[in-house]
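I have placed the structure first, in the form of structure tokens, so that the comments after it can refer back to it.
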Amino acid sequence: MGQGRWFASMAPLSFWHATFLCARATAGDVVITATAFAIAAAASRSFHWPTERRRSSLPFAIFIASGLAVTVAYEIHALAVGQWSYAETMPVIAGVGVLPILQWLLIPIAELAVFRLLWRDTPASL
């Protein structure tokens, strides 16, 4: 909802319609995050890669890169089919909004940090 003013397609919507669309987008973001996590887990052969003592930066890079790739691809698709449109105030890079990109970069990094804090003392056998 905080990004709404940077999307021209949100302006004419009622509060509840906009809320529904944002909730649906949030569910999509959860799917992207879970998919990116699974790809990183497959690459590292461990679902515990964020908490492993001998951490490699490769799963983290795969997690961020795969999520970013899906996010950018979906943004391009959604814009092309008219699912949404950016307001003139939305900063863009190569036609893709900077805010959706930043959202993918900042929130999953914060999620991993919290995940590591919460699970750091949990045995890997769980």
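The values are calculated or read from the model by the stated rules, or taken from the named source; none is laboratory data. Since the structure is predicted, the reported quantities are computational estimates derived from the model, not experimental observations. FYI the Cβ positions are ideal-geometry reconstructions off the backbone, even for glycines, and counts take in every protein chain you see. Ligands, DNA and RNA are stripped out before the accessible areas are found, and what is left, the full protein with its side chains, is counted by its heavy atoms. Shrake-Rupley method; radii C 1.70, N 1.55, O 1.52, S 1.80 Å.
Here are some notes:
- Test: residue in segment 35-44 that is within 28 Å of S85 (Cβ to Cβ) and modelled with pLDDT of 90 or more: yes
- Hits in segment 6-48 (condition: touching a strand residue (DSSP E or B) at 6+ places or on another chain (Cβ under 8 Å) and open to solvent by less than 50 Å² (accessible area, probe 1.4 Å)): F7, A8
- Unmet requirement for P12, which otherwise passes all of (1) touching a residue at least 40 places away in the same chain (Cβ under 8 Å); (2) within 29 Å of T89 (Cβ to Cβ); (3) not aliphatic (A, V, I, L, M): (1)
- Segment 1-50, residues that are over 26 Å from F63 (Cα atoms) and of a type in the set (G, A, S): G4, A8, S9, A11, S14, A18
- The residues in segment 65-115 that are open to solvent by 70 Å² or more (accessible area, probe 1.4 Å), part of a helix (DSSP H, G or I) and touching a Ser or Thr at 6+ places or on another chain (Cβ under 9 Å) can be counted, and the count is 2.
- The one condition in (1) open to solvent by 60 Å² or more (accessible area, probe 1.4 Å); (2) not in a helix (DSSP H, G or I) that T51 fails to fulfil: (1)
- Qualifying residue in segment 76-88 (condition: closer than 15 Å to A36 by Cα, modelled with pLDDT of 90 or more and within 16 Å of the chain's Cα centre (by Cα)): no
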